[in-house]
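Data first, discussion second: the structure below is written as structure tokens.
The values are calculated or read from the model by the stated rules, or taken from the named source; none is laboratory data. All values derive from a computational prediction rather than experimental measurement. Positions of Cβ are generated from backbone atoms using ideal geometry, with glycine treated the same way; all protein chains shown enter the neighbour counts. Only protein heavy atoms, including side chains, enter the accessible area calculation; ligands, DNA and RNA are left aside. Shrake-Rupley method; radii C 1.70, N 1.55, O 1.52, S 1.80 Å.
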Amino acid sequence: MAALNDEQIMLRDMAREWVQNEAPVSAFRKVRDSGTKLGYDPEAYAAMAAMGWVGIVIPEAYGGSDFGYLSLGLVLEETGRTLVASPLASSGLAAASALVLGGTESQKQAWLSGIASGEVVAGLAVDEGPRHEPTKIETRAERSQDGWRISGTKSFVAEGDGASLFIVAARTDAGVGLFLVPGEVEGLTRATRRMADSRSHADIRLAGVQLGEEALLGSEDGAALLDQVLDRARVGTAAEMLGMAEQAFQTTLDFLKSRVQFGQTLATFQALQHRMAKLYTDMELMRSVVEAALEAVDAGRSDLPVLASLAKATANETLHLMSREMIQLHGGIGMTDEHEAGFYIKRARVLENMWGNASFHRERFARLSGF
Amino acid sequence: MATALDTPTEKPLDAFREEARAWLETNFPKSLEGKENAFLSIDAPAQTSPDYLAWKQAMADKGWGVPTWPKQYGGGSLSRAEARMLAEEMARIGAWNPIGGMGVMMFGPTLLEYGSEEQKQRHIPPIARGEIRWCQGYSEPGAGSDLAALQTRAEDKGDHFLVNGQKTWTSGGQWADWCFALVRTDSTRKHEGISFLLIDMKSPGVDVRPIRLISGSSPFCETFFTDVEVPKENLVGPLGGGWTIGKRLLQHERTNLSGGGRLAAAMGRSLVDIAKHYVGTDNEGRIADADLRQRIIRYEMEMRAFTMTARRVMEEAKGGGVSTASSILKNVGAKLTQERAELTIEIMGMSGLGWEGEMFSESELSATRSWLWGKAVTIYGGSTEIQNNVIAKRILGMLDHQ
Ligand SMILES: Cc1cc2nc3c(=O)[nH]c(=O)nc-3n(C[C@H](O)[C@H](O)[C@H](O)COP(=O)(O)OP(=O)(O)OC[C@H]3O[C@@H](n4cnc5c(N)ncnc54)[C@H](O)[C@@H]3O)c2cc1C
């Protein structure tokens, strides 16, 4: 466990308490069953914002608390435990990071306090196909008379249905740049993707969307900024996955300790003890790499890219196995929709894909390390 | 399968192949080519298209839905070699067996072995014709892996049994006409207190409640028995002899489930094709993602090894029917089925996680659903862990007291 300061411990405990009391898995089930396109409960998100969670990486001058990524990671871990459906990772982590890292004073002023308060929900729109390929961007941003004209389609944008601001990666003459695209601008259409995790994902079509000069975030050659933003998104996602893995493990352990077959609890079978011991061991490794990556962001370390890929690849593999074992070790009951095991495996696979699957990050880790 | 029941015919094999080919040519409707749904026979309501019905009728009349079962009960009385040829000829033209389900896979072979002449006459022909659907009433809330802990009681009331209790995970329970059930007829003895009973699902007091799966479908049920009267003649084998019969049936189930592997193979396009489509290739034509490519290679190799093992086991069994190798085959087949599904959705990326709607293709949506559904294959029919216990204890002799 990373060395937390008193404020971080308080934050984590508060998050844990709120999540367990106000947003248990049954709250996610309710959101799912309601069939909402939005994919989350706006009241719950408002409560999270009111507690300051959405502004954790946003400077105080713009309505945040500048509390750092390790702190946000603690919250994401807790919300991950019970699969809290909210735009926290999209808006308060990915999009906020882009603005904090690349925004001008006026861009920050225009958007950050809205994001922190939860009134603005922002999404990061990078990929253009079903796999994470940030080097394959075909969306074009062309200079027009008094600004920019953007055309292209972004796929599987998280919170794409409800977002009121998109941060869109688009090809410019100089490279790839990030652009601030309001959700209600003319020429932007959304097509909902109904996915297994019952959260909001949508394709965003930009048909010659006309924007002013101030739409460009950072420079026209913004690949380095995009990388920094993506690494923050990856690390935060890994923290959410850590929470999911922990809860999936705990739920399974509790089950094995209570389910009786052959006149004894399943927990007493050595074959299962060893399975759980392995999962527990994997989770310890996962925690180390996730915390190291979060700390690397806060410390501004130059090896963040390697650590981010290490964290995301490890998180992907560990949660992948955990989510499978959760079903398997529950037996028949784990196959039912009434049980929550299915929620974990469905969300797990979506997050495994988001911002790079394991083979993407193994390859990136190797390349960055000079293998 | 059901090889112990073969009644070999005398015809030369080549002649048989020609006969089969000609007959299939005439009778298999082209419209059904390749349209087999491997899960359908258990987990969905019956099909009703005219071509399907005609095909089923033809196969039923010929007895080839259950090719190795004796003719007198509606089977084809084919030898194993002939049955294999028939299967090959069917596969060659994309034909498939329209007669299946638990009656064919598990209950029929078991009843042929343990049933009275009267029971066989009554129950086997409708299975052979695909007219009656059977479901398996084994598991209960408190009796899964520990099946012998089952509590559903059948009380001897003189001319009938009175059945009370609850079964669960009853696949196809809502569509089944009959249920073969393990019930407790003696509560003082665990295994010897179990009997094998046939229950008409239309009997008063039988209630089913479908259970929704993580894949979204509801192919199985909780089944409740409340004062259900079951005629004495529906007891198979001796009173208290249900455990032996029930276990034999499970061996048939496993052998067929190891078809899990077959099932994986039948699940459509090759992984390599899907990967080339979604991931693309490098300039030497290799799947562009080297890491993924390695894992596809491993899967394909293991699949080949599995297929060879299944064939070798069958040949070595020499008419001995199901064997202890059924545990190995079940585990490997189940593992490969899941491996393939995980690889498929990984290859498709986010597109492999669609739930519904027009933003995904049919094949993408079915990839998601089969991936989720497939998580069951390592659980039912005796879980992977239980098969491993069987392998360790029964095959390797690694016993608890040693
Ligand atoms: C899709 C589906 C369809 C099914 N269809 C039918 C049906 O038609 N009819 C029917 O009767 N049943 C059916 N079943 C039930 C199935 O047979 C049971 O789910 C299975 O026997 C496991 O029992 P359980 O679910 O109670 O799990 P449990 O027995 O509680 O097992 C939970 C976990 O513990 C493990 N475990 C248990 N004992 C041991 C041990 N001694 N050592 C190591 N590990 C152990 C198991 O492998 C499993 O991983 C179906 C199940 C599914 C999922």
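Can you tell me which residue is nearest to the other protein chains (Cβ to nearest Cβ) among those in the stretch B:117-139 that are among the small types (Gly, Ala, Ser) and away from the ligand (no atom under 16 Å from the Cβ)? Steps first, answer last, please.
Keep residues of the stretch B:117-139 that are among the small types (Gly, Ala, Ser), which gives B:128, B:130, B:137, B:139.
Filter once more, so that each one left must be away from the ligand (no atom under 16 Å from the Cβ): B:128, B:130.
Working: B:Ala128: 30, B:Gly130: 27 Å.
My answer is B:Gly130.
Report, by residue number, each residue of the stretch A:188-209 that is open to solvent by less than 10 Å² (accessible area, probe 1.4 Å), facing another protein chain (nearest Cβ under 7 Å) and assigned to a strand (DSSP E or B).
Result: A:Met195, single match.
Limited to the stretch B:146-184, what total is found for residues that are part of a strand (DSSP E or B), of a type in the set (Phe, Trp, Tyr), open to solvent by 10 Å² or more (accessible area, probe 1.4 Å) and more than 11 Å from the ligand (Cβ to nearest atom)?
Residues in the stretch B:146-184 being part of a strand (DSSP E or B), of a type in the set (Phe, Trp, Tyr), open to solvent by 10 Å² or more (accessible area, probe 1.4 Å) and more than 11 Å from the ligand (Cβ to nearest atom): 1 in total.
May I ask you to verify whether B:Arg189 is assigned to a strand (DSSP E or B) and open to solvent by 50 Å² or more (accessible area, probe 1.4 Å)?
Working: assigned to a strand (DSSP E or B): no; open to solvent by 50 Å² or more (accessible area, probe 1.4 Å): yes.
Taking the combined requirement at face value, the residue does not satisfy it.
With the requirement that a residue be free of Cβ contacts under 8 Å to residues at least 24 places away in the same chain, in a loop (DSSP other than H, G, I, E, B) and either more than 8 Å from chain A (Cβ to nearest Cβ) or more than 19 Å from the chain's Cα centre (by Cα) (or both), what does the stretch B:353-402 give you?
Across the stretch B:353-402, the qualifying residues are B:Gly357, B:Glu358, B:Met359, B:Phe360, B:Ser361, B:Leu396, B:Gly397, B:Met398, B:Leu399, B:Asp400, B:His401, B:Gln402.
Take A:Ser302 and decide whether it is among the polar types (S, T, N, Q), outside any helix (DSSP H, G or I) and at pLDDT 95 or above. Break it down stepwise before answering.
On the way: among the polar types (S, T, N, Q): yes; outside any helix (DSSP H, G or I): yes; at pLDDT 95 or above: yes.
Yes, satisfied.
Looking at (1) among the small types (Gly, Ala, Ser); (2) open to solvent by less than 10 Å² (accessible area, probe 1.4 Å); (3) at negative phi, which is the only condition B:Gly349 fails?
Failing condition for B:Gly349: (3).
Would you confirm, using the coordinates I've provided, whether B:Met359 is buried (at least 23 other Cβ atoms within 10 Å of the Cβ), away from the ligand (no atom under 15 Å from the Cβ) and closer than 22 Å to A:His201 by Cα? Can you show your working first?
Details: buried (at least 23 other Cβ atoms within 10 Å of the Cβ): no; away from the ligand (no atom under 15 Å from the Cβ): yes; closer than 22 Å to A:His201 by Cα: yes.
Spelling it out, it is not the case that B:Met359 is buried (at least 23 other Cβ atoms within 10 Å of the Cβ), away from the ligand (no atom under 15 Å from the Cβ) and closer than 22 Å to A:His201 by Cα.
Return the pair list, or none, for Cβ contacts closer than 9 Å from residues in the stretch B:1-25 that are more than 25 Å from B:Leu329 (Cβ to Cβ) and open to solvent by less than 40 Å² (accessible area, probe 1.4 Å) to residues that are at pLDDT below 95 and among the basic types (Lys, Arg), at least 6 apart or on different chains.
That search, which allows pairs on different chains as well, returns B:Leu24/B:Arg92.
Is the stretch A:318-332 home to any residue that is away from the ligand (no atom under 16 Å from the Cβ) and touching a residue at least 60 places away in the same chain (Cβ under 8 Å)? Walk me through how you get there before you give the answer.
Applying the first criterion (away from the ligand (no atom under 16 Å from the Cβ)) to the stretch A:318-332 yields A:318-320.
Then keep just the ones that are touching a residue at least 60 places away in the same chain (Cβ under 8 Å); that gives A:318-319.
Yes.
Could we say that A:Leu242 is crowded, with 18+ Cβ neighbours inside 10 Å and within 12 Å of the ligand (Cβ to nearest atom) here? Working first, answer last.
Values: crowded, with 18+ Cβ neighbours inside 10 Å: yes; within 12 Å of the ligand (Cβ to nearest atom): no.
When the stated conditions are applied, A:Leu242 does not pass them.
Name the residue, out of A:Thr139, A:Thr153, that is open to solvent by less than 10 Å² (accessible area, probe 1.4 Å), of a type in the set (Ser, Thr, Tyr) and either in contact (Cβ under 8 Å) with a residue 12 or more places away in the chain or more than 14 Å from every other protein chain (Cβ to nearest Cβ) (or both).
Working: A:Thr153 fails: open to solvent by less than 10 Å² (accessible area, probe 1.4 Å).
None of the others qualify; the one that does is A:Thr139.
Scan A:Ala271, A:Ala296 and give me the residue that is over 16 Å from the mean Cα position of the chain (by Cα), among the aliphatic types (A, V, I, L, M) and within 16 Å of the ligand (Cβ to nearest atom).
After applying the criteria, what remains is A:Ala271.
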